[in-house]
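> What follows is a single structure, and I will ask about it in a moment.
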Amino acid sequence: MLGECKRHVLSNGLRVLGVENSGLHSFVCSVYARVGSRFDPSELTGLSHFLEHMMLQGSENFPTSAAIMRSIEELGGLVDAGTYPEYINVVFGVHRKHWPRALEIAGDVLLHPLFSKDEIEQEKRIIAQEISQHRDRAGQNISVSELSHALLFSGEVSEAGTCGSRAILERFDRPTVEGHYRKFFVPRNMVVCFAGAFEFSEVLCRVERSFGAMEAGSQVPQGPVPPPAGANSRARALYRTTEALPLVEVMLSHRAYPLGDERFDGVRAVSHVLGGGLSSRLFTRVREELGLVYDVESHLQGYSDTGTLDVFLTVSVENLVRAVEAALEVVRQTRAEGFSAEELERYKEAARCGMDMLCDDASHLADWFGRQELLLGADHVLTPRQYVRRQEALSVDVLNAVGHETLSEEHATFFVIGPFGEAERDALQRLLPAEEIKVAQEPPARAGT
């Protein structure tokens, strides 16, 4: 298992990480900027997501998206990008013998984007289709993920979710997009992480000639602070009836801990045992024994200053009430009775094996170190070996304590979206009494936007 990540800070403040593994054939350059949906002004929701799309729509030496993609793919590689609540990530992966060329391409794409007017207008049309996948004919947002993330970071649910709306898209022009880029894509707000087969000193020399030329810029302010976990006096619920979904999507979201919290390892184990696989408590009971759903699972979402443990299921209307009742029974029993030593040991072995396999993949290695550096800082970055040691140190008492605290329904949020009726709604309200969430109206544009 790899245990070392080399680190260097350029004079302009850019953090450069390197994870060398000569046994791999791949080389990955993964670039992170601390910007995402939680940093978007409410009247420009989706701007970070739009910026991520535009980063791959042309640069000085590769003026079109096709030119960018072709330049990497002809090296047997790939380029990809993603937007998350707290960061944008752009990844370039090639065979190790092509790493110098990959760095040339990455530098040009990330440092010299064109943001051409024509490409912006075309991307608006493309993203409008993407947004439409998560809206019904009445314009309602039917994405559990978007609605829950918006609620977590803003304290309210908006139809704009995290990706925006067609109306908001029309507010995006070149000055707006470029301004967002220049504000957040600055060295002090970025991390570049390399992983795979390479010599760190050689890569660093080339990085200093390209990324080192960036102006330092000013420190970017933190995003909005999420409402505290106990801000709600009781559980909340959002019921949204729509015929756009063939099944009902249900999520019970519990507030958990941020990435740097000492309890995060414990709640990760809780999520794994509760609904992290096909032998988990939720899957075994609700799917295998009762046959009520196709999919039921739990996910742990960790951010720099907050987190959630979410129980998610998709279910037919006729099984909706019984499936939710069964899932709630599993969660409540888990909170009351705790965990066994055998379950904890199975989790620990899964953690050991999972980390070994992560170290075989350059993309996963780069992401492991890059995200930690960006969101937590150098003092809190765990190597794979350190991570495994922390999992091995977990005890049943720790799991029971964090499980009891996290799985409380007192401040939980309940989302139900799909083609259900009043009878199902009434039954669910009896199963989990909760205050209904009001959906905020889309904010108007500010003058000049």
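The values are calculated or read from the model by the stated rules, or taken from the named source; none is laboratory data. Computed from a predicted model, the values in this text were never measured in an experiment. We place every Cβ from the backbone using ideal geometry, glycine too, and count neighbours over all the protein chains shown.
> Output the residue which, of all residues in segment 293-324 that are of a type in the set (Gly, Ala, Ser) and buried (at least 22 other Cβ atoms within 10 Å of the Cβ), is nearest to residue 146 (Cα to Cα).
Taking segment 293-324 first, the residues of a type in the set (Gly, Ala, Ser) are 298, 302, 304, 307, 316, 323.
Those still in the list that are buried (at least 22 other Cβ atoms within 10 Å of the Cβ) too: 298, 307, 323.
Values: 298: 17, 307: 15, 323: 23 Å.
Looking at the filtered set, the residue picked out is 307.
> Suppose we filter 260, 276, 291, 266 for residues that are on the phi > 0 side of the Ramachandran plot, out of contact with any Phe, Trp or Tyr (no Cβ under 7 Å at 6 or more places or on another chain) and assigned by TED's automatic domain parsing to the domain that holds residue 424; which single one remains?
The match here is 291.
> Against the definition (surrounded by 23 or more Cβ atoms within 10 Å (Cβ to Cβ) and under 19 Å from the mean Cα position of the chain (by Cα)), how does residue 80 come out, yes or no?
On the way: surrounded by 23 or more Cβ atoms within 10 Å (Cβ to Cβ): no; under 19 Å from the mean Cα position of the chain (by Cα): yes.
No, not satisfied.
> While we're looking at this one, here's another question. Among the residues of segment 346-360, how many are closer than 21 Å to residue 26 by Cβ, of a type in the set (A, V, I, L, M) and in contact (Cβ under 8 Å) with a residue 12 or more places away in the chain?
Of the residues in segment 346-360, 2 are closer than 21 Å to residue 26 by Cβ, of a type in the set (A, V, I, L, M) and in contact (Cβ under 8 Å) with a residue 12 or more places away in the chain.
> Select from segment 376-433 the residues that are of a type in the set (Asp, Glu) and farther than 29 Å from residue 348 by Cα and list them in ascending order. Outline the logic, then answer.
Kept after step one, since they are of a type in the set (Asp, Glu), are these residues of segment 376-433: 379, 392, 397, 405, 409-410, 422, 424, 426.
Hits for segment 376-433 are 410, 422, 424, 426.
> Here is a further query. Among the listed residues 152, 169, 147, which satisfies the condition of being farther than 30 Å from residue 21 by Cβ, out of contact with any helix residue (DSSP H, G or I) (no Cβ under 9 Å at 6 or more places or on another chain) and in the same structural domain as residue 128 (by TED's automatic domain parsing)?
Details: 152 fails: out of contact with any helix residue (DSSP H, G or I) (no Cβ under 9 Å at 6 or more places or on another chain); 169 fails: out of contact with any helix residue (DSSP H, G or I) (no Cβ under 9 Å at 6 or more places or on another chain).
The match here is 147.
> Somewhere in segment 18-32, is a residue more than 22 Å from residue 94 (Cα to Cα) and surrounded by 17 or more Cβ atoms within 10 Å (Cβ to Cβ)?
no
> Out of segment 131-140, which residues are under 23 Å from residue 175 (Cα atoms) and either in contact with a Gly (Cβ under 6 Å, 6 or more places away or on another chain) or exposed (fewer than 13 other Cβ atoms within 10 Å of the Cβ) (or both)? So that I can check it myself, show each step before the final result.
Here is the first cut: in segment 131-140, the residues under 23 Å from residue 175 (Cα atoms) are 131.
Passing the criteria: none in range.
> Which residues, counting only those in segment 141-152, are under 18 Å from residue 411 (Cβ atoms) and in contact with a Gly (Cβ under 7 Å, 6 or more places away or on another chain)?
147, 150
> Still on this structure, please answer the following. One residue is enough: does segment 343-350 have a residue meeting the conditions at pLDDT 95 or above, outside any helix (DSSP H, G or I), touching a helix residue (DSSP H, G or I) at 6+ places or on another chain (Cβ under 8 Å) and farther than 23 Å from residue 18 by Cβ?
As a first pass, look at segment 343-350 and keep what is at pLDDT 95 or above: 343-350.
Right, trim to outside any helix (DSSP H, G or I) and you get none.
Within segment 343-350, none of the residues are at pLDDT 95 or above, outside any helix (DSSP H, G or I), touching a helix residue (DSSP H, G or I) at 6+ places or on another chain (Cβ under 8 Å) and farther than 23 Å from residue 18 by Cβ.
> Out of all the residues in segment 1-59, which are closer than 14 Å to residue 81 by Cα, more than 16 Å from the chain's Cα centre (by Cα) and assigned to a strand (DSSP E or B)?
Across segment 1-59, the qualifying residues are 28, 29.
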